[in-house]
1. Using Cα pairs closer than 8 Å and at least 6 residues apart in sequence, work out the relative contact order for the range 30-126, in percent.
2. Kindly list the residues of the range 38-68 that lie in the label zone of residue 219, defined by a backbone N under 17 Å from the point 7 Å along the Cα-to-C-beta vector.
3. Please report, largest first and rounded to whole Å, the three semi-axes of the ellipsoid equivalent to the range 151-298, where each semi-axis is the square root of five times an eigenvalue of the C-alpha gyration tensor.
4. Considering only DSSP states other than H, G, I, E and B, which trypsin sites (Lys or Arg not before Pro) in the range 76-143 qualify as loop sites with at most 14 other Cβ atoms within 10 Å?
5. Within the range 85-118, whose backbone N sits under 16 Å from a point 7 Å along Cα→Cβ of residue 179?
6. Using alpha carbons only, what's the Rg to Rh ratio of the range 83-238 with Rh from Kirkwood?
7. Could you give the dipole magnitude of the range 242-310 about its Cα centre, charging the beta-carbon of Lys and Arg +1 and that of Asp and Glu -1, in debye to the nearest 20?
8. Within the range 179-221, find all residues whose amide N lies under 19 Å from a label point positioned 7 Å from the Cα of residue 68 along Cα-to-beta-carbon.
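The values are calculated or read from the model by the stated rules, or taken from the named source; none is laboratory data. These figures come from a predicted structure and were not determined experimentally. Heads up, the Cβs are rebuilt from the backbone with ideal geometry, glycines too, and the neighbour counts pull from every protein chain shown. Protein only, heavy atoms only, side chains kept; ligands, DNA and RNA dropped before computing areas. Shrake-Rupley method; radii C 1.70, N 1.55, O 1.52, S 1.80 Å.
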Amino acid sequence: MALGFRLLVGHRGGVPAARRTDAVLLLVAIVWGSSYLAAKTATAALPVLMVLFARYAISAVACLAIATARGRPRWTRDEARAGTLLGVTQAAVLLLETYGVAHTSAANAGLIISLTMVLTPLLDRGGGRGLPPRFFAAAGVCVVAVGLLMAAGSGLHAPRGGDLLILAAAVVRAAHVVVVGRLSERRALRPLHLTTVQTVVGSALFLLPVAGDLPTLARASATTWAELLHLALFCSVFAFLAQTWAVQRTSAGRAGLLLGTEPVWALAVGIAVGGERLTVLAALGAALMVAGTSWGQAVEREHRETARPRDGHLPDARKAPVARDRPDGPGRASRPVAVRQASGGDGAAPEM
């Protein structure tokens, strides 16, 4: 996985560095967008908890192998403590999200979860204190979008349970991102090491309820195993490596813009590959969701940047020393401007 990523970013072929970086970030967004359909298809063949255990376990093995290959297998006490807590909160996100996508469309899941981008600043600022009115207008557009997306699948009846679970996952994920920021204050946390602890914790949490049914996993079809490997190696590990490499080489605004296309790819994959139908209400809801989250993200970023001249720093600037996985390595693993960690499609240290 690490070798493949190096080949991808290392092959210059005359392509300008900025375009290469943009292409990597866009690929991460596409991979994350595909994760919802992969998770939905996998949960049709295996129980949700089994899918989550397999995804975490494969990711943990890959992360441990990469950390060992880099010659930095030792974890600090801060990394172990923070990774354990974040492993629990991240597991809660993926539990809600995976159960949710099993009971709604992949397109809806990818669109509704993008609410994280406007919920995170609200939670990080204790209800949005200090944010301009335009941000709340953008959040209102997102709320209308969620209503349309739910109505598209349930008509005038009660919303589908899967949509509500995805909505809950967006709230928990926003809280998870805020916790990442708080734990990163004044601590040197290496992204790969933090992510590895999270995957090990998640593996342990989901092993307990499925331990007696592991033979079911062994009997899974080749197609199901391909989906599990895609979720673990591409949506989690590859996305983590690619994102942390690319974010160092571009602005937070540009990275946020490219990574923010994830819900568009979730919609495209759900329709083109999953055969999901796009109704008029769903199309309107999708357009409003993408517009609302992009607008809210831009307003929040502009607010932080314009606040700098007044007090000399960002309103809640992090004071953490930079943790590096290599001489020119990444610092914090979280995505810029409330974009999810490399957990790919699930989030985040870049959402496992």
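1. Details: 32 pairs, mean separation 47.6, N = 97.
Reported as a whole number, the value is 49 percent.
2. Backbone N within reach: 44-48, 50-51.
3. Working: eigenvalues 157, 133, 58 Å².
Working from the Cα gyration tensor, I get semi-axes of 28, 26, 17 Å.
4. On the way: sites: 77, 81, 125, 129, 134; in loops: 125, 129.
Hits after loop and neighbour filter: 129.
5. Taking a point 7 Å out along Cα→Cβ of residue 179, the residues of the range 85-118 whose backbone N falls under 16 Å are 85-97.
6. Details: Rg = 17.8 Å, Rh = 17.6 Å.
Rg/Rh: 1.01.
7. Values: 7 positive and 5 negative charges, 58 e Å.
About 280 debye.
8. Once the point is set 7 Å along Cα→Cβ of residue 68, 192-204 turn out to lie under 19 Å by backbone N, inside the range 179-221.
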